[in-house]
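Step one of this worksheet: look at the structure below.
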Amino acid sequence: MSTTAPIAPLTTDEAEILVSAARTAAEAAGVTVSVTVLDAGGHLLAFRRDDRAVLVSGETSTRKAYTALQLDAPTADLVDLVKPDGPFHSLPTALDKPLLFIAGGVPIHRDGRLVGALGVGGGTPGQDHTFATTAREELTR
């Protein structure tokens, strides 16, 4: 018998809060973005691409979210690990998965357990990371 209490999954309402908060942060900075929210199983909960966001931002936001989810870490923390001299330099090509090691993806936790991830694409990596972390903070308010 397990003594671990079940953790409520990330909901579509919460995913919409994350999308809205990330877009609000991006708008305040004058940046158009795409935002992706995945549940703990890697399934799409929410996606939004601003009308003027570059098309590739949709793909990058999704891959950043997937990477943050699979490795349970902000993608900003992983960038140096996959550089040629990094310990995981072969990871991006070793797997047949859409991993992307560019800042802008963050895992979402509830009661210390991974429940999903958020990815933002369209700004600079630093901007995307800020928009994603701002949205994650908004969810916990």
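The values are calculated or read from the model by the stated rules, or taken from the named source; none is laboratory data. Everything numeric here is computed off the predicted structure, so don't read it as measured data. For neighbour counting, all protein chains shown are included, and Cβ atoms are generated from backbone atoms with ideal geometry for every residue, glycine included.
The set of residues in the stretch 25-41 being surrounded by fewer than 14 Cβ atoms within 10 Å (Cβ to Cβ) and closer than 22 Å to Asp111 by Cα consists of Gly41 alone. Screening Ala22 against (1) surrounded by fewer than 22 Cβ atoms within 10 Å (Cβ to Cβ); (2) modelled with pLDDT of 95 or more leaves a single unmet condition, (1). The residue pairs whose first member lies in the stretch 53-68 and is surrounded by fewer than 24 Cβ atoms within 10 Å (Cβ to Cβ), whose second member is assigned to a loop (DSSP other than H, G, I, E, B) and basic (Lys, Arg), and whose beta carbons are closer than 9 Å, counting only pairs six or more residues apart or on different chains, are Tyr66/Lys97. Each residue in the stretch 69-106 was checked for being in contact with a Pro (Cβ under 8 Å, 6 or more places away or on another chain) and loosely packed, with under 14 Cβ neighbours inside 10 Å, and 1 of them qualify. Just one residue in the set Asp96, Asp80 is of a type outside the set (Phe, Trp, Tyr), in a loop (DSSP other than H, G, I, E, B) and without any contact (Cβ under 8 Å) to a residue 40 or more places away in the chain; that residue is Asp96. In the condition set (1) in contact (Cβ under 8 Å) with a residue 40 or more places away in the chain; (2) touching a Leu at 6+ places or on another chain (Cβ under 9 Å); (3) not basic (Lys, Arg), Ala25 is compliant with all but (2).
Which count do you get for residues in the stretch 84-109 that are of a type outside the set (A, V, I, L, M, F, W, C) and modelled with pLDDT of 95 or more?
Of the residues in that region, 4 qualify.
Counting only residues that are more than 14 Å from the chain's Cα centre (by Cα) and of a type in the set (Ser, Thr, Tyr), how many does the stretch 21-48 have?
Residues of the stretch 21-48 that are more than 14 Å from the chain's Cα centre (by Cα), as a first pass: 24-32.
Within this subset, residues satisfying the condition of being of a type in the set (Ser, Thr, Tyr) are 24, 32.
Total meeting the criteria: 2.
Hey, could you check the stretch 1-24 for residues that are among the small types (Gly, Ala, Ser) and in a loop (DSSP other than H, G, I, E, B) and say which is farthest from His109 (Cα to Cα)? Checking each candidate, the answer is Ser2.
Considering the stretch 99-109, and only residues there that are assigned to a strand (DSSP E or B) and among the aliphatic types (A, V, I, L, M), the residue that is farthest from Ser61 (Cα to Cα) turns out to be Ile108. Residue count for the stretch 12-35 under the criterion of being in contact with a helix residue (DSSP H, G or I) (Cβ under 9 Å, 6 or more places away or on another chain) and closer than 16 Å to Leu114 by Cα: the result is 2.
Can you pull out the residues in the stretch 112-135 that are part of a loop (DSSP other than H, G, I, E, B) and under 25 Å from Thr4 (Cβ atoms)? Give the derivation first.
If we filter the stretch 112-135 for residues that are part of a loop (DSSP other than H, G, I, E, B), which is where we start, we get 112, 122-124.
Gly112 - this is the single residue of the stretch 112-135 that is part of a loop (DSSP other than H, G, I, E, B) and under 25 Å from Thr4 (Cβ atoms).
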